[in-house]
1. Going through 244, 253 one at a time, which residue ends up being buried (at least 19 other Cβ atoms within 10 Å of the Cβ), touching a helix residue (DSSP H, G or I) at 6+ places or on another chain (Cβ under 8 Å) and at pLDDT 80 or above?
2. Condition first: touching a residue at least 40 places away in the same chain (Cβ under 8 Å), of a type in the set (Phe, Trp, Tyr) and away from ligand 1 (no atom under 11 Å from the Cβ). Can you find one or more residues in segment 366-379 that meet it?
3. Select from segment 477-506 the residues that are open to solvent by 40 Å² or more (accessible area, probe 1.4 Å) and aliphatic (A, V, I, L, M) and write down the one among them that is nearest to residue 406 (Cα to Cα).
4. Determine whether residue 90 is within 14 Å of ligand 1 (Cβ to nearest atom) and farther than 23 Å from residue 294 by Cβ.
5. Looking for something in contact with a Leu (Cβ under 7 Å, 6 or more places away or on another chain) and either away from ligand 2 (no atom under 16 Å from the Cβ) or of a type in the set (Lys, Arg) (or both) - is there at least one such residue anywhere in segment 493-500?
6. Mind checking which residues of segment 276-315 are in contact (Cβ under 8 Å) with a residue 40 or more places away in the chain and either among the acidic types (Asp, Glu) or at positive phi (or both)?
7. Being within 14 Å of residue 399 (Cβ to Cβ), surrounded by 14 or more Cβ atoms within 10 Å (Cβ to Cβ) and aliphatic (A, V, I, L, M): is that true of residue 40 here?
Amino acid sequence: MLLLTLILVFLAAALLYAVLVWNHDYWRKRGVPGPKPQLLCGNYPNMFAMRRHAIYDLTDIYRQYKHKYDAVGIFGSRTPQLLVLNPQLARRVLVSNFSNFHDNELSKTVDERSDFIFANNPLTLTGEKWKSRRADVTPGLTLGRVKTVYPVTKKVCQKLSEWVERQLRLGSPEGINAKHMSLCFTSETVTDCVLGLSAESFSDKPTPILANTKDLFNQPLTFVLFFMLTSTFPSLSNLLKLRFIPLKVERFFLDLMASAVEARRAQQSAGGEHFERSDFLDYILQLGERQQLDNRQLLAYSMTFLLDGFETTATVLAHMLLNLGRNARAQELLREEIRAHLQDGFVDFDKLNNLPYLDACLQETIRLFPPAFTSNKLCTESIELPNRDGPNFVVEKGTTVVIPHYSFMVDEEFFPDPQSFQPERFMEPDAVKTFRERGVYMGFGDGPRVCIGMRFATAQIKAAIVELISKFNVKINPKTRQDNQFDPVQFFITLHGGIWLDLEKL
Ligand code: HEM
Ligand SMILES: *[C@@H]1O[C@H](CO)[C@@H](O)[C@H](O)[C@H]1NC(C)=O
């Protein structure tokens, strides 16, 4: 009996082992070189322990193989992924061969039943549906509309500095939490610009908007578990879909959307023909009328602006303050540039987008702390690719292709002394364009799926920086670490341990 049990246990273990390694010769069979995968973790050794952010695992592989190959085959657990090592190949995937890679890997993890709102985001939509949704929401984010809501942004900037002054009066030895402050700022601008409502983020009694947005991104463990499970057992991803937006949060925003729509319609009828605020909500409502969308669909559209806007923008703002706080000279140069263009405490909208040093500081921040550290694409049509010192190979339909933007951006071949903050890198004429065309810096992506919120995001970040740098001296509280190590478990890239600022009124 004991023997039988032992045999059964042994057989079960052997079977599990066979299942787990069964696919590990996928790349070898196709003539694609690459590092040996480990049991369970594949080529992400820190997947379970979460000691280190996954991008460092990819960067190690990148450094090891980049001189020999354009791409290597790796495994996320058991799932084969093609890791792109040559920036020119990255550009082919995103731009010239886009028709072979037009969907995001994220599309595999959600569907309309599990997560209606997120499944309707351009990020996760696929094929023709993506194309038409992108065409629907893009006109809502033109430079003209971003300019229309600039007065709202300016109003929020004032609230921001009043809030900082209040914090300074209260005094805290820990300094100001840059991420919290930035999230207050973006949740305020985004909800006001998109829904015409105030989140009251800077008041003593913030509306639940801020808390609900924070809840969205405070669930990294669920994500990690989900990705581990579906990459170990890929067929599970047909059954198991991710709910990125918790039901409670969805309900909250649905109610909010309904009240925003109601408020706007009341304003319109009170103002008669004269009410005019050509902002995002206005655009969404017009779109809704043309396409006869209900509130839930309207919310799905608007959530594109809300969801994709809060956290990315706040992350970049917080890290830009970190970099300026650490680099007194850059901060002083920036302050001089800003002061030369200040009128009544603000920089004119058109000027805001044309301050070279301000833009260089922003780009350099995204290079060091990119919210989108990789682009994970799906091969949508098989294609044969060359591989430098190796044979040509075929990427099969359905394969995930990983573009490790961060690995390119901290490669000293492209950016000497890569970990140091040097805005001067982006001061050459057309620097951003040149780096993008070389494939080594694509802070907002590239090709047909390039970020649609770029103008909105940069205008907000720049407005907040102008406000703070012109009124305060930014220093770093000693509680903040001195290197650029990322938090291993956060969804978006963040300095491990947080960013703590000591601000001084000028
Ligand atoms: C500084 C802040 C931001 C950064 C660094 C950023 C970066 C990016 C990047 C790199 C992509 C391409 C992803 C890929 O191809 O793998 C992307 C896509 C996207 N971004 Fe942003 N983004 C930012 C802010 C925003 C904002 C404020 C919005 C909305 C208002 C937004 C909406 C989107 C959407 C909808 C997509 C998907 C486009 C598509 O697949 O067609 N982003 N973003
Ligand atoms: C992929 O892009 C390259 C140029 O980068 C081009 O020569 C080739 O024809 C493209 N292949 C397909 C299948 O579109």
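The values are calculated or read from the model by the stated rules, or taken from the named source; none is laboratory data. Every value quoted in this text rests on a predicted model; they were computed, and no experiment measured them. FYI the Cβ positions are ideal-geometry reconstructions off the backbone, even for glycines, and counts take in every protein chain you see. The area values use the complete protein model at the heavy-atom level, side chains included, leaving out ligands, DNA and RNA. Shrake-Rupley method; radii C 1.70, N 1.55, O 1.52, S 1.80 Å.
1. After ruling out the rest, the residue left standing is 253.
2. no
3. Applying the filter and picking the extreme gives 489.
4. Spelling it out, residue 90 is indeed within 14 Å of ligand 1 (Cβ to nearest atom) and farther than 23 Å from residue 294 by Cβ.
5. Scanning segment 493-500, I find at least one residue that is in contact with a Leu (Cβ under 7 Å, 6 or more places away or on another chain) and either away from ligand 2 (no atom under 16 Å from the Cβ) or of a type in the set (Lys, Arg) (or both), so the answer is yes.
6. 279, 308, 311 - these are the residues of segment 276-315 that are in contact (Cβ under 8 Å) with a residue 40 or more places away in the chain and either among the acidic types (Asp, Glu) or at positive phi (or both).
7. The answer is no for residue 40.
Okay, residues lined up against (1) closer than 23 Å to residue 104 by Cβ; (2) aromatic (Phe, Trp, Tyr); (3) modelled with pLDDT under 95:
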residue: 435; (1), (2), (3): yes, yes, no
residue: 441; (1), (2), (3): yes, yes, no
residue: 465; (1), (2), (3): no, no, no
residue: 472; (1), (2), (3): no, yes, no
residue: 476; (1), (2), (3): no, no, no
